[in-house]
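The values are calculated or read from the model by the stated rules, or taken from the named source; none is laboratory data. Please read all numbers here as calculations on a predicted model, not as lab measurements. Backbone-built Cβ (ideal geometry, glycine too); neighbour counts: all protein chains shown. To get the accessible areas, we keep the full protein, side chains included, count just its heavy atoms, and leave off ligands, DNA and RNA. Shrake-Rupley method; radii C 1.70, N 1.55, O 1.52, S 1.80 Å.
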Amino acid sequence: MSKSRRPRPTAEPNVPPQSRRPLRTAPLVAGTIVVLAGAGLAADWYFGLPAEAQATFVGRESCATCHQPEHTQWTGSHHDLAMEVATDKSVLGDFNNAELTHHGTRSRMFRQDGKFYIHTEGPDGKLADFEIKYTFGVDPLQQYMVEFDRPADMPAHETARLQVLRVSWDTQKKRWFHLDPPDVKEKLAPDDDLHWTGIAQRWNNMCADCHSTNLHKNFDVATAIYHTTWSEIDVSCEACHGPGSLHVKLAEAPSLFWDRERGYALAKLKGKENTAEIQACAPCHSRRRMVQTGYTAGCNYYDYFSNELLTQSSYHADGQILDEVYEFGSFIQSKMYHKGIRCTDCHNPHTAQTKFSGNQLCTSCHQHPAPKYDSFAHHRHPTGSKGASCVECHMPQTTYMQVDPRRDHSLRVPRPDLSVNLGTPNACTGCHLKDKLLPGGKGTAVSVPERPDLKEYADWLRVAGNDDAVKARLAQVDRWADETLDQWYGDARKREPHFAPALAAARQQSADAPQKLLDLLANEKLPAIARGTAAQELGAYFDTGPQVGDRLAKSIVDPDPQPRGAAVASLERAELNVLRRSVTPALLPAQPVAVRGEAGRVLSRIPQTEFGRDDARHLREAIKLAFAAAEIDNDRAGGHLIAGFLHENLGAWEAAETAYRTGIRIEPTAVGPRANLARLLEQRLEGMQQEARQLAQRGQVEQAQQLVAELGPLYDQIRRLQAEELGLLERDGMLAPDNAPLQNRIGLLRYLQGWRKEAETALLNAWLLEPRTPDFGYALAIFYRDTGRPEQARPLVRRLLELRPDDPMIRQFAEELGTRAPAGPPR
């Protein structure tokens, strides 16, 4: 928007010659005019917006007035159509009495009185009619939302609880389908969190802030009702450029300049660094948790979010996408990111489409005198074939939500050598997996029984752990791919260091995992998200020696917030003296909120009296940030669970109890609050028992008896909480029988309930599932000891000594059982 102004024309006054000043005064007058004009220009430049002026959201129409070309491009884009009121124009699905039967439930989509409805199973398990209030997305699928719990007096601009239907419309094939959760093929019970009326399908806390502009969740804990608001229903201009009121004010002001301090008074997305633009996209294109509310474009991402690291459930060991992780976590692994490439180098920011089609998208930057990359000499595939496509090799895709293919944005070179050694994916195997003969006619493919459920490469990888034929086929093609690339490009392609071996070692809990993770964390040439993951994994290895704590302490000042935050979180598991030495509150003011809040949570267990005045003040501020982060999830049990934990660390027992009880009320089916509340009440029970004994010893028999009378109901309450928690864990255990931590928790609670045989089964399952996890072996050994079977505990302890020879707790346990440490290095 131009700030030039055309000066108004002025007429020379009709003055008689004799009344005019002598000619010699003209320079003085002209000089005065120049000075005054200069002063005016200087003042115009200097005086801008007040320092306290805050930008507010003004809506797309204010932007479109001056930016019509950009508005035209945005109109009809996925951002524009991210969410809409259900109308004849916005609804794409067939609501002309169309039907879909899934697991015996017949859903019917119909229209009535100009509105859209679905007749389907509700939260009570009964069939009923539900009005469609909003559409969600536009391509390749469209979902639909139903509103619940709306009070009659709720203002029109507020939205109550919205639930996203699993019955969805495939916009490509023009058909209805049921969007099952990943790896869940059975019918969902109406009270299941994954049912369309469950909390996992709740728009307000799962989807809303990325599909609308200036969204405020506004959950009322007292009434458990949402009062969610937005400025615009979709992803509009100000979602990416920030609130525009000050920009509009400057544009309309009678000034020649923009503001000398704020520039255009919008988010500064362009500059020498690429981080500002990428961080403007990242909040909605990353797996992350929110640590502070109020984010607007231009803010530091890590002051408001903490992105998920390369966890085993979301990424393969080499960082390739496994679960639906969106683009940010992948892209920040790439060389493109580290070379300064931005999202808009490939994507039109207003249409959200790629700027070019085919290989031109890549060769527009990767240009050479001769076609170095877009040629047979590079890709070794026939021109025009799938193998000649840049993105097929360097951005392989995986289908999510049954119909939505998404490309891996780590832009990596295929590494079948890592596949051979670690079982990670590679683009070559993904393409040639189903060839009847290996390419080049070398041998016969391993026979795999007909598996119609294995529709794409990701499905093969998913079942390989439990299917020997599938695993053998993958291994065969991996070896072929590795040998072929050796022939094409030579062995030098394998020389570049990769973080995959370290993360794979951590996942396998191999003996060399700690050293590999230490080396990865220290190597600042490797992606920060990988180093952060190493810091996260090292939290399990404090017993291997002081080098773990020392390395994590150094990472507190890592150049990137991801290793910093992960190091702080891992140090929570260290001894208090290591924690005190490593995370000093004096470092906190320079950290982004994601790190400061995590530090506040971790350090809250150290009394503030142990710090000096300034350090204690910094720590209090960090703890406030930790509480604020927990408050963001006040509609989930997890938020109240963290708040209760913080209150406990601060010695606020009543506040902790209130937090746990609130978590149970808000999300009755959640695991965690009951266990923590039971533990808190057990501490109270022990204190009351001790007080009763002291009263009796002092001869205050009546007071002691009154106190003892209160013990029974309290004990019953503890047992009830434990039984309810066990029931929830058993439910989850049936859904995830291969989850070792879950099995371990089930075993411990079964033991507390007196179910010894059942407890042994669960504890043994946990150990067999993860035989390299010392905690599970230790729990099983303790169980054997406490149930009078030390002979069964001894071999477990010997194995634990192999895994953790320097762990003082394990060594003490071994001495108690008379178990000697095994000779030789750990296996």
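Scanning the stretch 525-546 for residues that are open to solvent by 30 Å² or more (accessible area, probe 1.4 Å), farther than 21 Å from residue 800 by Cβ and outside any loop (DSSP other than H, G, I, E, B) returns a single hit, 536.
Restricting the first member to the stretch 502-525 and to residues that are without any contact (Cβ under 8 Å) to a residue 24 or more places away in the chain, and the second to residues that are open to solvent by 30 Å² or more (accessible area, probe 1.4 Å), the beta-carbon pairs closer than 6 Å and six or more apart or on different chains are 505/512; 505/516. Taking the conditions exactly as written (touching a residue at least 40 places away in the same chain (Cβ under 8 Å) and touching a Gly at 6+ places or on another chain (Cβ under 9 Å)), does residue 171 satisfy them or not? Criteria met by residue 171. For the stretch 81-137, the strands (runs of 3 or more DSSP E) that sit wholly inside it and include 1 or more residues that are surrounded by fewer than 18 Cβ atoms within 10 Å (Cβ to Cβ) are 83-85, 98-102, 105-112, 115-121, 127-131. Looking at 234, 259, just one residue is within 25 Å of the chain's Cα centre (by Cα) and in contact (Cβ under 8 Å) with a residue 60 or more places away in the chain, and that residue is 234. Regarding residue 806, is this residue outside any helix (DSSP H, G or I), within 21 Å of residue 508 (Cβ to Cβ) and of a type outside the set (Lys, Arg)? So residue 806 fits the description; yes.
Having 1 or more residues that are open to solvent by less than 40 Å² (accessible area, probe 1.4 Å) and free of Cβ contacts under 8 Å to residues at least 24 places away in the same chain is the bar; report the helices (runs of 4 or more DSSP H) wholly within the stretch 549-668 that clear it.
It comes to 613-632, 637-649, 653-666.
Criterion applied to 423, 387, 430, 358 was being more than 29 Å from residue 69 (Cα to Cα) and over 29 Å from the mean Cα position of the chain (by Cα), and the one residue passing it is 387. Could you tell me whether residue 303 is open to solvent by less than 50 Å² (accessible area, probe 1.4 Å), under 22 Å from residue 205 (Cα atoms) and not hydroxyl-bearing (Ser, Thr, Tyr)? For residue 303, the condition - open to solvent by less than 50 Å² (accessible area, probe 1.4 Å), under 22 Å from residue 205 (Cα atoms) and not hydroxyl-bearing (Ser, Thr, Tyr) - is met. Considering every residue within the stretch 241-252, establish whether at least one is in contact (Cβ under 8 Å) with a residue 24 or more places away in the chain, open to solvent by 50 Å² or more (accessible area, probe 1.4 Å) and within 26 Å of residue 629 (Cα to Cα). Scanning the stretch 241-252 turns up at least one residue that is in contact (Cβ under 8 Å) with a residue 24 or more places away in the chain, open to solvent by 50 Å² or more (accessible area, probe 1.4 Å) and within 26 Å of residue 629 (Cα to Cα).
Looking at the stretch 775-796, can you tell me whether even one residue there is of a type in the set (A, V, I, L, M, F, W, C), touching an Asp or Glu at 6+ places or on another chain (Cβ under 9 Å), touching a residue at least 40 places away in the same chain (Cβ under 8 Å) and in a helix (DSSP H, G or I)? No, the stretch 775-796 has no match at all. Look at (1) in contact (Cβ under 8 Å) with a residue 40 or more places away in the chain; (2) open to solvent by 20 Å² or more (accessible area, probe 1.4 Å); (3) not polar (S, T, N, Q) and you find that residue 679 fails only one, number (1).
Could you check, for the stretch 762-778, whether at least one of its residues is over 28 Å from residue 512 (Cα atoms) and either in contact with a Gly (Cβ under 8 Å, 6 or more places away or on another chain) or modelled with pLDDT of 85 or more (or both)? Checking the stretch 762-778: at least one residue is over 28 Å from residue 512 (Cα atoms) and either in contact with a Gly (Cβ under 8 Å, 6 or more places away or on another chain) or modelled with pLDDT of 85 or more (or both).
Across the stretch 287-328, the number of residues qualifying as in a strand (DSSP E or B) and either of a type in the set (Gly, Ala, Ser) or at pLDDT below 95 (or both) comes to 1. With respect to the stated conditions, residue 527 fails to be of a type outside the set (S, T, N, Q) and in contact with a Gly (Cβ under 6 Å, 6 or more places away or on another chain).
One residue stands out among those in the stretch 376-399 that are at pLDDT 90 or above and small (Gly, Ala, Ser): the one that is surrounded by the most Cβ atoms within 10 Å (Cβ to Cβ), which is 388.
Does residue 470 count as part of a helix (DSSP H, G or I), open to solvent by less than 20 Å² (accessible area, probe 1.4 Å), in contact with a Lys or Arg (Cβ under 8 Å, 6 or more places away or on another chain) and more than 30 Å from residue 536 (Cα to Cα)? Taking the combined requirement at face value, the residue satisfies it.
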